[in-house]
C-alpha cells in the first residue's frame with residue numbers, strides 16, 4: 001500500500017511538472033503564410049512567431065509576441081520578388097543583413113542586390129520540442145560587394161521569446177576583404193505620434209561628445225530627445241528620414257511600443273577599441289526614421305576576411321517582453337524600467353522588470369562566497385506581463401549581493417535578472433547629495449499620462465525655482481518658487497490640459513540650472 005501511495009504521489013508531482021512546462025517549439029515550411037504570397041519558414045513556440053522568406057534575401061518578416069506586431073511589412077510589396085539584373089528595388093520591410101560601411105557602395109543606394117534580394121536556400125537543421133533552427137544561405141554578390149556571401153541561422157527555444165541569430169559573412173574572392181555585418185530591422189510605427197521609442201545607454205566617454213551620438217548631416221529633429229533617464233538616450237518616432245549613430249558602451253538597444261507596453265530588445269557583444277562602420281567614424285547602434293517605421297540597427301566591428309572562404313560570424317539575440325520605457329538596462333534574462341531599490345517610506349523592495357522567459361523569479365541575498373543567506377518565495381513570471389516588484393524582505397548583515405534569480409518552468413535556474421550591492425538598494429532612489437551639489441532626477445513615470453513625479457535634492461539652503469516649459473521654451477507651470485533648506489523633495493506635475501508631446505522641467509537655484517525632458521503620452 002505504501003509503495004502504491006508513493007507511486008501516486010510521484011505521478012501527481014510529474015503531472016504538475018508537465019502541466020507547468022511551456023508548449024514545445026514548431027517549425028514548418030508554409031506556402032502562403034499570412035497571405036503574403038511567399039513561401040516562408042515559420043518557427044513558433046507558445047510566445048512568439050518568427051517567419052523568414054528565402055525568396056527575398058531571407059528577410060525575417062515577422063517576429064511577434066502573441067498577436068502584437070513588431071516587424072514593419074510594406075503591403076505594397078507583398079508577393080513580389082526581385083531579379084538583380086532588372087535593376088528595380090523593392091522595399092519589403094522586415095529584417096535584413098548588409099555589408100557595411102554603406103559609403104563603399106557605388107552610388108550608396110540601392111543595397112547590394114544579391115545579398116538583399118536574391119533567393120536564399122534554406123534548410124531546417126534542428127527540430128525538437130526544446131528548440132528548432134533554420135539555416136539560410138545566399139548567393140555570391142556580383143555588383144556592390146563583389147565575392148561576398150551571407151549565411152544566417154535562426155534558433156528559437158521553448159518557453160522564451162529569445163531568438164539567437166548567427167550571422168556569417170564569407171569572402172569567396174582570392175583577396176582579403178574588409179567589411180562589417182550590418183544588422184537592420186524595420187520596426188513598425190503605426191502613426192507619427194509619441195507611442196514609439198528607441199532607447200540605448202549613452203557612452204560617457206563617447207567619441208561623439210557629451211550627447212554620445214552623431215546625427216547624419218548634423219540634422220536637427222524633435223525625434224532626438226536626448227537623455228530621458230540617467231545615462232539613457234531616447235528617440236521618439238517622427239517620419240523624417242533622418243538618422244543617428246551612437247557608440248553605446250552597453251550591448252543592448254530597445255524599441256518600445258509605449259501605447260501597448262511591448263518592448264523589442266536586441267543584445268549583442270561590444271568590442272572595445274574596435275573599428276566600427278559609419279558616416280562619421282563609427283557607430284555600434286544606429287536609428288533611422290522612415291516614413292512608417294524605425295530602423296533599429298546594430299553593427300559588428302570591421303573585420304578582415306581571409307581569401308577563398310574566410311568568414312566572420314557575428315552572434316546576437318532578440319527578445320520580446322511586456323514593458324514600458326524608458327528602458328534602463330537589459331541582459332539575456334530581461335530588461336528594467338526601474339531597477340531594484342528599497343522604498344524608504346515602506347521598507348519594501350521595489351522595481352519594474354520585463355522578463356524574456358516563462359518561469360519563476362525570486363530575490364536572493366548572498367554573501368561574498370555566494371552562499372545564500374535568505375531568499376523570497378518564488379513569483380511566477382512571463383514575457384506576457386510586466387513584473388512590478390513590491391515585497392518586504394530583510395537583508396542579513398553579511399549580505400554582499402542582492403540578486404533577482406530567474407528559473408525556467410521546470411525549476412532550472414537560467415541566470416540573474418539583477419545583481420547589485422545592498423548600498424545600491426538605497427543609492428538609486430535616496431541619494432545623499434555631495435556638498436555643493438544639486439540634482440534633478442528624471443521624472444517618473446516617463447512617458448506619463450497625465451501625472452508624473454519630479455524629484456530633486458539640495459545640499460544646502462537655496463532659492464529654488466522649478467518650472468515646466470513646452471519644447472519652444474514657453475512657460476507652462478511654476479511648480480516651486482521659494483527658499484528651501486537642504487534635503488530631498490518630490491513634486492507632482494499634472495498634464496491633463498496639455499497635448500501629447502515633449503516638455504521641459506527646469507530646476508534653477510541662481511548659480512545652477514538643470515533641465516530634463518518629459519514626455520506626455522495620451
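The values are calculated or read from the model by the stated rules, or taken from the named source; none is laboratory data. Computed from a predicted model, the values in this text were never measured in an experiment. Here the Cβ positions follow ideal geometry from the backbone for every residue, glycine too, while neighbour counts run over all protein chains shown.
Among the residues making up segment 142-152, those that are surrounded by 19 or more Cβ atoms within 10 Å (Cβ to Cβ) and either out of contact with any helix residue (DSSP H, G or I) (no Cβ under 8 Å at 6 or more places or on another chain) or in a loop (DSSP other than H, G, I, E, B) (or both) are 144, 145, 151, 152. The numbered conditions (1) more than 28 Å from residue 515 (Cα to Cα); (2) buried (at least 24 other Cβ atoms within 10 Å of the Cβ) are all true for residue 271 except (2). Residue 353 fulfils the conditions (1) touching a strand residue (DSSP E or B) at 6+ places or on another chain (Cβ under 8 Å); (2) surrounded by fewer than 23 Cβ atoms within 10 Å (Cβ to Cβ); (3) not assigned by TED's automatic domain parsing to the domain that holds residue 176 except for a single criterion, (2).
Looking at segment 241-259, which of its residues are touching a helix residue (DSSP H, G or I) at 6+ places or on another chain (Cβ under 9 Å) and outside any loop (DSSP other than H, G, I, E, B)? Residues satisfying the conditions are 243, 244, 245. Please state which of the following conditions residue 343 fails to meet, knowing it meets all the rest: (1) farther than 21 Å from residue 446 by Cβ; (2) surrounded by fewer than 23 Cβ atoms within 10 Å (Cβ to Cβ); (3) touching a strand residue (DSSP E or B) at 6+ places or on another chain (Cβ under 6 Å). Just one mismatch for residue 343, condition (1).
Residues checked against (1) touching a residue at least 24 places away in the same chain (Cβ under 8 Å); (2) part of a strand (DSSP E or B); (3) assigned by TED's automatic domain parsing to the domain that holds residue 119:
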site: 43; (1), (2), (3): yes, yes, yes
site: 46; (1), (2), (3): yes, no, yes
site: 50; (1), (2), (3): yes, yes, yes
site: 62; (1), (2), (3): yes, yes, yes
site: 82; (1), (2), (3): yes, no, yes
site: 91; (1), (2), (3): no, no, yes
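When the residues of segment 115-141 are filtered to those that are modelled with pLDDT under 90 and touching a helix residue (DSSP H, G or I) at 6+ places or on another chain (Cβ under 7 Å), which remaining residue is surrounded by the most Cβ atoms within 10 Å (Cβ to Cβ)? Ranking the qualifying residues of segment 115-141, first place goes to 117.
From the list 291, 261, 309, 226, exactly one residue is in contact (Cβ under 8 Å) with a residue 24 or more places away in the chain, under 14 Å from the mean Cα position of the chain (by Cα), surrounded by fewer than 20 Cβ atoms within 10 Å (Cβ to Cβ) and not assigned by TED's automatic domain parsing to the domain that holds residue 452. Which is it?
Among 291, 261, 309, 226, only 261 is in contact (Cβ under 8 Å) with a residue 24 or more places away in the chain, under 14 Å from the mean Cα position of the chain (by Cα), surrounded by fewer than 20 Cβ atoms within 10 Å (Cβ to Cβ) and not assigned by TED's automatic domain parsing to the domain that holds residue 452.
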